[in-house]
Each structure stands twice: as C-alpha cells, then as structure tokens.
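These notes concern the structure reproduced below.
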Amino acid sequence: MEADPLAPWLLAVKLGLYASALLAAGLGLHASMNIVERAERTRCLRLAALLGGAALVFAISRLLIANVQLGGSLGSIFDPATLAWTWPTLAPSSVAFAIGAGLLFVAWLFQRGAFAGLASVALASGFALTGHTQALEPPGLAPWAAGLHVLIAAFWIAAPVTLWPGASLSDANVLARTERFSRLALFSIPVLFALGLWLAVLLAGSISALLTSSYGQLLTAKLVVAGAALGLGAYNKQVVTRKLRETPTSGRRALTTTLSFDALLFAGALILVGAATTLTGPPTD
Ligand code: HEM
C-alpha cells in the first residue's frame, strides 16, 4: 500500500493536539482540584485557556488535513462538498474541543475552578469521540475508557508544569503542591495503566497481536516508557518529597531533575501513541 504523503503532517498536528489539549486539561484539573494554591490560580487558568485555544487550532487543522486527504489535493482544503464527508466524522470530537477551550476561557475570566474541571472532561471527551475505539463493533465502553484514560494522562503530564519549583514559588508551596498531587496520583495512575492495558489488548485483538503487530509494539513501547515515568513518580513520592521537607534547596534541585526526565518520558509516550494511531492501526486479520 502506498504511503500517505500527508501522514507526517497529520502526525505533527496530532502531536500538537495531544500536547496542547492534555496540558490544558491537566492544568484545568490542577486548578479545580486545588493542587495549585488559590493565589496562583489566575496564572494557571490563563495558561490553560491559552493552551485550550491552541488545541482548538490543532483540531481545526486536523479537519483541514482530512479534507485534503479525501479531496486528493490542496484545492479541496476548504471545499464544502468534501467537508460534507469529513465533518460528520470529526464533528463530535471537534465540538468537544471547542467546548473545552471555551469553558477554560470562561474559567479564567470568572476565576471558577468548576468550569476548569468541566473543560478538562470536555477536552478528554474529544479523544473518546473519535479514533479506533469508535470503530469497534460495537464500541461499548471502550470510547469512554479511552476518554477517562486521557483525562488521567492529562492530570499526570501537567505535573512538570504545576510542580516545577520556579523562583516565585516558596519552599512551602512546592512541598504542598507535590504532596497534594501525589495523594491524587496514588489512586488515579494505576487506573490509567489498567484502562490502557485493557484497551491495548481489545484494540490489538490479542496479547500475541500486541507483541507482534507494529501497532501493538508501539503501544508496548509506550507501556515501558509510562512504566519508567511511574518509577520516577514513586521516587518523587518516597525520596524527593522527604528532601523538600528536610533540605528544601537540594529537594528543589532533585525535583527539577526528576520533572525534566518526566517531561521527556511523557513526550515519548505521546509520540508513540501518535505513531500508533496515525502511521499504523489495529491489525485487521
Ligand atoms: C504517560 C502515560 C500515558 C499517556 C500520556 C497516554 C496518552 C494517551 C493519549 C493522548 C491517547 C489518545 C490517542 C488518540 O485517541 O489519538 C491514548 C490512547 C491509548 N493509550 Fe495511552 N497514555 C499513557 C499510558 C498508557 C499505557 C501505560 C497504556 C498501556 C498499554 C496505554 C494504552 C493506550 C491505548 C491502547 C490507547 C488507544 C489507542 C488507539 O485509539 O488506537 N496508554 N493514550
């Protein structure tokens, strides 16, 4: 089968959508769950609203690429006849991203954490309303499992931003944020792994297909990368948090290091799932 010349563009746009939508949703969750202290909420919600806007731009770009793919030329990028085919498929997901971006803007404008929480759910739904889980016969709970999986992933990958021990953040606030985040991460991240593993076997079709198909191998590599991030999380909880309490200066240094590695691992996980859902797909036999 001839490689799709637009696939690299679609992958780039998807990675932009993942990074902006998940960081926006994650920061929205951190503000609505009071991981970020009230005094810093404005700055957190402003960044989340900006990222929500970026996610909407990437969602629109995804639709335009679908138009070119279906129309077969750049000339069909805004063609209403082509849009009549692409819009019905991408409409639910695109509308969810638009609602999420809009709610984040309102949350920032009116300083309402509850709107930020709702926005995060809408942004995560954008991934439940499209993609491979929707193609399952019947989809059943899989799309909502994917949505919850992405919501928890958003909560996790925003941690390097929220917990970063910047100069304006006091030792007490760095420690408080880290402890509040760890408390919620302790029960939510195992759910992300359980949902991810269930979806991986369901979509690949079997454990052997997970290990032998290129789609399955990309997801397995993602599991390994996410496992490494989980290990770092445990180190943060057991060692770095104690350092932050006892010797804040070296604790902040250690946290900067672990959060930098976390950010690299999260980028790796997003690139792997982007490649799995754009350059390959679940085995069809
Ligand atoms: C750092 C941790 C993780 C992040 C940031 C993450 C992120 C994501 C994102 C953004 C999606 C939606 C992809 C889309 O609809 O285009 C997704 C889907 C998925 N993730 Fe994860 N995930 C993580 C961990 C895991 C783990 C540990 C597994 C277990 C194997 C897993 C398995 C899956 C599967 C099977 C899908 C559905 C893929 C498809 O629709 O074809 N994820 N993940």
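The values are calculated or read from the model by the stated rules, or taken from the named source; none is laboratory data. Everything quoted here is computed from the prediction, not taken from an experiment. Ideal geometry is used to build each Cβ from the backbone, glycine not excepted, and the neighbour counts take in all protein chains shown. The area values use the complete protein model at the heavy-atom level, side chains included, leaving out ligands, DNA and RNA. Shrake-Rupley method; radii C 1.70, N 1.55, O 1.52, S 1.80 Å.
So the values come out like this:
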quantity	calculated
Among (1) open to solvent by 50 Å² or more (accessible area, probe 1.4 Å); (2) within 8 Å of the ligand (Cβ to nearest atom); (3) of a type outside the set (S, T, N, Q), the one test that Arg183 misses	(2)
Any hit, region 75-93, residues being in contact with a Phe, Trp or Tyr (Cβ under 7 Å, 6 or more places away or on another chain) and either farther than 29 Å from Leu203 by Cβ or open to solvent by less than 50 Å² (accessible area, probe 1.4 Å) (or both)	no
Members of region 197-209 that are assigned to a helix (DSSP H, G or I) and open to solvent by 20 Å² or more (accessible area, probe 1.4 Å)	Leu197, Trp198, Val201, Leu202, Leu203, Ile207, Ser208
Matching residues, region 136-150, being touching a Gly at 6+ places or on another chain (Cβ under 9 Å) and either modelled with pLDDT under 95 or open to solvent by 20 Å² or more (accessible area, probe 1.4 Å) (or both)	His149, Val150
Single match in Thr280, Thr258 (criterion: hydroxyl-bearing (Ser, Thr, Tyr), within 22 Å of Gln134 (Cβ to Cβ), more than 8 Å from the ligand (Cβ to nearest atom) and in contact (Cβ under 8 Å) with a residue 24 or more places away in the chain)	Thr280
Answer from Ala3, Ala12, Ala39 - the residue that is at pLDDT below 95, open to solvent by 50 Å² or more (accessible area, probe 1.4 Å) and assigned to a helix (DSSP H, G or I)	Ala39
Matching residues in region 266-277 - criterion: being more than 13 Å from the chain's Cα centre (by Cα) and open to solvent by 30 Å² or more (accessible area, probe 1.4 Å)	Thr277
Selection status of Val57, touching a Phe, Trp or Tyr at 6+ places or on another chain (Cβ under 9 Å) and in a helix (DSSP H, G or I)	no
Residues of region 223-249 classified as out of contact with any Ser or Thr (no Cβ under 7 Å at 6 or more places or on another chain) and within 16 Å of the ligand (Cβ to nearest atom), total	11
